[in-house]
């Protein structure tokens, strides 16, 4: 059963397709009309020499030519506008549905966007042009049949031959290209492996063997590409030949029909022009099958996603006041589907204004997942998370974002300027708030050193380093003075100076009454926390007060002492 949203989109898409098909049908008669006007010129103007008739026919010829071009442009714009509406509505429905209950919202959103892009290519690309042209075939065959049934039968036979030829050509070309791409990819992997292990390759004398393998793989790729290009050239030449034979055959059919005493009128002319038009979509079918299958599969996945969302709609989100920023995690348990044990087990945590909690421990224990759960973007199997007494999962996302700052492990900034990135993609950033956030994150001097300061475009010629991107992402997390700040490895891409800036930022936030939760494996950064906790077997355990943690001997120091003892005799 299709979802209500997809049913509505299908109906709208069908209306756009019908309108485009009618425009295509009108345009299909353009070449026929142009030839008819040319025939009339020789029939009426050449014998009489009438200039007025000549001017009238020239004007008619120009009008038809302009109309054909205009109809083609209108059809293309209609398809593009319909595709834009479709993608916009699909994105607005599919992304929230994909991330609402997903165990990994980022992966679910990426899959939904991939499916939407596949649908977009199917609707706006050559596949739609092929489908609309194929819809015109019955009308064109009917038109040919009005002159004589033999013209329609011959055109149908020519279209069948073009279909078989197109499928065989596409298969042969595709196999050669796959072979060429595989060989080229193998050659690239050999070069990459040699570059990564250059010292080992040189030391063990493997370079000549690698060069031979690389040359062989490159030769296979070149040979496959040469075969693909040769097949394509042969197919193009054969296609021109096939079209020429078909048009000549249409004339021959007309001659045979005339020889039998039947009247065909302009049937020979119609067969000459419209037979190729009937063949055209079928000759292109081979190259569209893969796109058609991908678009159809993507449409079905999106349909299933929206059916599930309509069957179990998400709870209504509301906006709540957040005067203090007090966070309460109440008996939260999370088990991912297919997992034998829970990632989080009966987790409890309370943070008051100004509290700073550090989550320490090895990777894979669920620290990042716990942060997403605190944000309300990751659901739980049991328990709940409350901010000032209201469940974050039921909070309106746009309203909750005013009270919460978040730094993911990967500092993805998006498009736009540095100021827009800090202002969370606001097209008109609040510059005093942007400056305050950059100053708090220790990014003010770094941004001032960029070519255009806060107006520096991201993703342009100026490529920010990972450390610079981390500082901008930190400023984005504290933009707008949030009441709760969640930081996932805030010093992950920073040096010791950047780590000190993060510690100072956390201290300033705490002094201002902002609650902070951050993950880190750096012992120095843990000094900024009032409590240090770890996840072990899914349970949140407190390691102790900060002074107790820092008073404990460092594991690195224990490893360094024997090394110094071993090194002492050498120094002596």
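The values are calculated or read from the model by the stated rules, or taken from the named source; none is laboratory data. Note that this is a predicted model, so its numbers are computed, not measured. With ideal geometry, Cβ positions are generated from the backbone for all residues, glycine too; neighbour counts draw on all protein chains shown.
Miscellaneous remarks
- Here residue 212 fulfils each of the conditions (1) over 30 Å from residue 264 (Cα atoms); (2) under 38 Å from the mean Cα position of the chain (by Cα); (3) at pLDDT 70 or above apart from (2).
- Those residues of the range 272-295 which are at pLDDT 75 or above and more than 18 Å from residue 133 (Cβ to Cβ), in sequence order: 272
- Of all residues in the range 496-524, those satisfying the criterion of being at pLDDT 85 or above, part of a helix (DSSP H, G or I) and touching a helix residue (DSSP H, G or I) at 6+ places or on another chain (Cβ under 7 Å) are 498, 499, 502, 503, 505, 508.
- Hits in the range 398-431 - residues which are touching a helix residue (DSSP H, G or I) at 6+ places or on another chain (Cβ under 8 Å) and in a helix (DSSP H, G or I): 400, 418, 419, 421, 422, 431
- Residue 323 surrounded by fewer than 16 Cβ atoms within 10 Å (Cβ to Cβ) and within 25 Å of residue 508 (Cα to Cα): yes
- The C-beta contact set for the range 354-368 (first residue on the phi > 0 side of the Ramachandran plot, second residue part of a helix (DSSP H, G or I), distance under 6 angstrom, 6+ apart or interchain) comprises 354/510.
- Pairs are defined by a Cβ separation below 8 Å, a sequence spacing of at least 6 or placement on different chains, a first member in the range 447-458 that is in contact (Cβ under 8 Å) with a residue 40 or more places away in the chain, and a second member that is part of a loop (DSSP other than H, G, I, E, B); the pairs so defined are 457/416; 458/413; 458/414; 458/415; 458/416; 458/464.
- Of the set (1) in contact with a helix residue (DSSP H, G or I) (Cβ under 9 Å, 6 or more places away or on another chain); (2) free of Cβ contacts under 8 Å to residues at least 12 places away in the same chain; (3) surrounded by 14 or more Cβ atoms within 10 Å (Cβ to Cβ), all apply to residue 51 but (3).
- Among the residues of the range 487-539, those that are loosely packed, with under 15 Cβ neighbours inside 10 Å and on the phi > 0 side of the Ramachandran plot comprise 513, 537.
- Within this structure, residue 541 passes the test of being in contact with a strand residue (DSSP E or B) (Cβ under 8 Å, 6 or more places away or on another chain), at pLDDT below 85 and not in a helix (DSSP H, G or I).
- Hey, residue 434 surrounded by 20 or more Cβ atoms within 10 Å (Cβ to Cβ) and in a helix (DSSP H, G or I) or not: yes
- Hits in the range 361-380 - residues which are over 20 Å from residue 109 (Cα atoms) and either modelled with pLDDT of 85 or more or outside the structural domain of residue 507 (by TED's automatic domain parsing) (or both): 367
- Inter-residue pairs, beta-carbon under 6 Å, first on the phi < 0 side of the Ramachandran plot and in the range 104-118, second modelled with pLDDT under 65 and not in a helix (DSSP H, G or I), 6+ apart: 108/102
- Qualifying residue in the range 479-495 (condition: in a helix (DSSP H, G or I), out of contact with any helix residue (DSSP H, G or I) (no Cβ under 9 Å at 6 or more places or on another chain) and either more than 25 Å from residue 361 (Cβ to Cβ) or modelled with pLDDT under 85 (or both)): no
- Residues located in the range 369-419, provided they are without any contact (Cβ under 8 Å) to a residue 24 or more places away in the chain and crowded, with 19+ Cβ neighbours inside 10 Å: 392
- Given (1) touching a strand residue (DSSP E or B) at 6+ places or on another chain (Cβ under 6 Å); (2) part of a helix (DSSP H, G or I), index of the condition residue 383 fails: (2)
- Test result for residue 254, part of a helix (DSSP H, G or I), out of contact with any strand residue (DSSP E or B) (no Cβ under 7 Å at 6 or more places or on another chain) and closer than 11 Å to residue 150 by Cα: yes
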